[in-house]
Amino acid sequence: MKSKILYIDMDNVLVDFSSGIAQLPRHVMEHFEERLDEVPGIFSLMSPMPGAVESFKELAGLYDTYILSTAPWENPSAWSDKLLWVKRHLGLIGSGVSTFISARPGFQTGRRWLLTLSAEQPDNSRQPTRPP
């Protein structure tokens, strides 16, 4: 394990949010207006920021690297879309583990939740865990 930890935000750091918006039909943009992050599937449409994937891979080789993100409460597909984005663009980096840390406190507990992906876990066994 590397000794230093690096946290990297996902939205508009790794992921170009505007690239997903650019792919939306006009009627969808008008319907969601100021709530574009609530469009179902919006996060699956997004491209990486220029140089973000290469930079992430380089940094993951130097630090214990964690991805910070959150999902809008009114967009149930957001977490799975973000997870699939990480798998598609970043894969399982470094030690084979990528971690999401929610930037939004848990609804009931006020605590943050971790979602850890491991190469050793089958897709259906991932469970959110509460940090210490």
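Nothing in this text is a laboratory measurement; each read-out follows from the coordinates by a stated rule. All values derive from a computational prediction rather than experimental measurement. Neighbour counts are summed over all protein chains in view; Cβ atoms, including those assigned to glycine, are modelled from backbone coordinates with ideal geometry.
What order do you get for H31, H89 when you list them from fewest to most C-beta neighbours inside 10 Å?
Sorted ascending by nearby Cβ count, the order is H31, H89.
Hey, can you grab everything whose amide H is under 5 Å from the amide H of I8? Only 5+ residues off in sequence or another chain; H modelled, so Pro and N-termini drop out.
Sorted by chain and number, the residues that satisfy this are Y66, I67, L68.
Step through the residues of region 71-78 one at a time and calculate ³J(HN,Hα) from phi using the Karplus curve (6.51 cos²θ - 1.76 cosθ + 1.60, θ = phi - 60°), rounding each to whole Hz and writing x for Gly and Pro.
9, x, 4, 8, 10, x, 7, 4
Ordered by residue, what ³J(HN,Hα) values in Hz, to whole numbers, does region 21-28 give under the Karplus form 6.51 cos²θ - 1.76 cosθ + 1.60, where θ = phi - 60° and Gly and Pro are x?
4, 4, 8, 7, x, 4, 5, 5
Check each of the chymotrypsin sites (Phe, Trp or Tyr not before Pro) in region 1-82 and keep only those in coil by DSSP with at most 12 other C-beta atoms within 10 angstrom; list them in order.
Loop-located and lightly packed - W73.
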